[in-house]
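Scroll down for the structure; my scribbles are underneath it.
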Amino acid sequence: MKIVKFGGTSLATGNQVRKVFDIVMSDPERRIVVVSAPGKRYPEDIKVTDLLIACAEHYLRFGEGREQFEAVIGRYASIADDLGLAEEIVNTIHDDLLKRLNGNRKNPQKYMDAVKASGEDNHAKLVAAYFQSQDIEAHYVNPKEAGLWVSDEPGGAQVLSESYDALYKLRDRSGILIFPGFFGYNKADEIVTFSRSGSDITGSILANAVKADLYENFTDVDAVFSVNPTIVNNPKEVHELTYREMRELAYAGFTVLHDEALIPAFRARIPVNIKNTNHPYKPGTRIVYEREHTNGPVNGIASDNGFCSIYIEKYLLNKEVGFGRRLLSILEEFGLSFEHMPSGIDDISVILRQDQIPDHLEKRIVSRIKEDLDADHVMVRHDLSLIMLVGEGMRNNVGTAARASNALAQAEVNIEMINQGSSEVSMMFGVKEKDEKRAVQALYEEFFAGVVV
Ligand SMILES: Nc1ncnc2c1ncn2[C@@H]1O[C@H](COP(=O)(O)OP(=O)(O)O)[C@@H](O)[C@H]1O
Ligand SMILES: N[C@@H](CC(=O)OP(=O)(O)O)C(=O)O
């Protein structure tokens, strides 16, 4: 059995839904189909999820939002019209969304989640109606009825372990099951969504639960590229990655797959295949437990910006028992999470996403660290980008850091910090945001020019 997930662009128009139908029907193993809400039809378009967020915000502020509501319904109506579906399905979606918008607004986060989730929920109903119109036995499945239970963290839910046994029973159902991505239910039977792009997570959970042979994730690119295609023109495709490599790359900026979508599949050792809905005959990228290392130390280069580092200097801090713990407990008090913590003998840096620290808090954090830790010097560096070199082959290759540093020096990029992940499949370079593009291009040239991936 295969789990097949289709992203928003794969389901954005009637024509795209027809492609999805053909892909599913071409393989009898494709039994469970996870759908996203309609995505962008062209680059400047707005995803239905974003239209829904705007709609919910309008209702929260003004108690209504006719224009935003019509924009959402218009998207479904045009898809239904394209597919020649009866008016009934659009009426169902219309009534469902209106009911959610007029629902309880006491808890704005929960209200927002219920409205946001309607994007995938209603599209699953529409896609099931299309399959049925083609005389195929297909059923819309509601995540509550199927048993997809999640934690009560609006916009950031985590699956609860008891879901897996409940969802296993989906195997016994007949026909093709159309399952909405992106949300589950908490123990109070309320809708809670995963973080953005979370339909990938639903697919992975279902793959684990039903012990699928394969999790196919259909999107709008032929494969995972070795580097962000907006930074390097026409980059090389990577046809095989390990779970660890993809997890690091997804976390560090490869948005093609949600970084939380790997763990459930990985735990059950289910391979993931990323494929293109528009070119389904192409092999795509396989994500597997192990791979042969035939293509050099680096398998992908990811980058992301918007980081800052808190640099702390104190003579012999490495000898001071509890220094790290006390530093992290100050960050905890301010509700800050950190990404990396490279350290030396007399200094340590904590790297964080800078949007967590509003200007007015920065001074307070710096003086707390100075006073409580009796630090010699504390400084915040802003506007940093983190570049991650990722590859299982790094473990067995001497000189990767030297090659990378040399390439960056040649490109006149100053390295603000270096950190080698303890897993030894990644190496991180911190640079100024203004240098990110040049740095990534130089590293790509060093590790991929002439390499067959
Ligand atoms: N390294 C990469 N390889 C492939 N695609 C990437 C990479 N980094 C970012 N992307 C982007 O990810 C997009 C696909 O992810 P997403 O938009 O979430 O798709 P979907 O809506 O199908 O879930 C691609 O169109 C591409 O712009
Ligand atoms: N529609 C949701 C969830 C999702 O996974 O979408 P997509 O598959 O288009 O990334 C979002 O935009 O966040």
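The values are calculated or read from the model by the stated rules, or taken from the named source; none is laboratory data. Model, not experiment: these values are computed from the prediction. Because the Cβ atoms are built from the backbone with ideal geometry, glycine has one as well, and the counts that use them run over all protein chains shown. Quick note on the areas: whole protein, heavy atoms, side chains included, nothing else; ligands and nucleic acids left out. Shrake-Rupley method; radii C 1.70, N 1.55, O 1.52, S 1.80 Å.
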Roughly how many debye, to the nearest 20, is the charge dipole of the chain about its Cα centre, given +1 on each Lys and Arg Cβ, -1 on each Asp and Glu Cβ, and no other charges? 480
Tabulate in residue order the Karplus-calculated ³J(HN,Hα) for segment 373-389, using 6.51 cos²θ - 1.76 cosθ + 1.60 with θ = phi - 60°, rounded to whole Hz; enter x for Gly and Pro. 9, 6, 6, 6, 7, 10, 8, 10, 9, 9, 6, 9, 10, 10, 10, 10, 8
Going down the list Lys19/Lys169; Lys47/Lys275; Lys2/Lys40; Lys19/Lys282; Lys2/Lys116; Lys363/Lys437, which pairs span over 24 Å between their C-alpha atoms? Lys19/Lys169; Lys2/Lys40; Lys2/Lys116; Lys363/Lys437
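How large is the charge dipole for segment 214-349, taken about the Cα centre, if only the Cβ atoms of Lys, Arg (+1) and Asp, Glu (-1) carry charge, to the nearest 20 debye? Show your work: numbers first, answer last.
Values: 13 positive and 19 negative charges, 72 e Å.
Roughly 340 debye, rounded to the nearest 20.
Counting each DSSP H run of 4 or more residues in the chain as -39500 (n - 2.57), what helix-only mean residue ellipticity at 222 nm follows after dividing by all residues, to the nearest 500 deg cm²/dmol?
Details: 14 runs with 171 residues, N = 453.
That calculation yields -12000 deg cm²/dmol at 222 nm.
Note down the relative contact order for the chain as a percent, whole number, built from C-alpha pairs under 8 angstrom at least six residues apart. Each step should come with its number before you reach the end.
Working: 926 pairs, mean separation 57.8, N = 453.
About 13 percent, as a whole number.
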Under-5 Å amide H pairs with Glu240, H placed in peptide plane, nonlocal only: Arg286
Mind giving me the nanometre distance, one decimal, between the label points for Ala268 and Ser174, set 7 Å out from Cα along Cα→Cβ? 2.4
So which GluC sites (Glu not before Pro) in segment 4-109 are both in a DSSP loop and have at most 14 other Cβ atoms within 10 Å of their Cβ? Glu29, Glu44, Glu64
Counting only DSSP loop positions in segment 122-167, the GluC sites (Glu not before Pro) whose Cβ has at most 16 other Cβ atoms within 10 Å are Glu137, Glu162
Result for the chain: accessible area per residue, probe 1.4 angstrom, in square angstrom, of 44
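Could you order peptides 178-191, 264-277 by the average number of other Cβ atoms within 10 Å of their residues, highest first? Working shown, then result.
Details: 178-191: 21.1, 264-277: 19.5.
Ranked from most to least packed, the peptides come out as 178-191, 264-277.
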Helix 400-410 vs. the chain, principal-axis angle (Cα, 0 to 90°, nearest 10): 80
Computing the accessible area with a 1.4 Å probe over protein heavy atoms, can you report the carbon and sulfur percentage for segment 2-220? 48
At a 1.4 Å probe radius, carbon and sulfur cover how many percent of the accessible area of segment 300-448? 46
